[in-house]
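Here is the structure we will look at.
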Amino acid sequence: MMMQVTKTQEVACPKCGENSSVPAPERDVELKVSPYVAAFGNHMEIQCSNEHTFWVYYC
């Protein structure tokens, strides 16, 4: 099942605090930022402007 994206939200990189825009689905979901990837769940890999990789989970 694909998420329908209608807006973006800003999230802070857990390493440097730099904000990145993340696509957010139309329904109300909480975005959880993690420096680690999990084995399951809807998530997106993000790289901030300082080239740090982190993951955002849709809860």
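Quick notes
- Each of the peptides 31-42, 7-18, 46-57 was scored by the mean count of other Cβ atoms within 10 Å over its residues; in descending order, highest first, they stand as 46-57, 7-18, 31-42.
- Kirkwood-Stokes translational diffusion coefficient of region 5-58, alpha-carbon pairs, 25 °C, 0.890 mPa s, µm²/s: 217 µm²/s
- Computed about its Cα centre, the charge dipole of the chain is approximately 80 debye, with only Lys, Arg, Asp and Glu carrying charge at their Cβ.
Every number here is computed from the coordinates shown, using simple stated rules; none is lab data. All of these numbers come straight from a predicted model, not from anything done at the bench. No Cβ is skipped: glycine too gets one built from the backbone with ideal geometry, and neighbour counts run over all protein chains shown.
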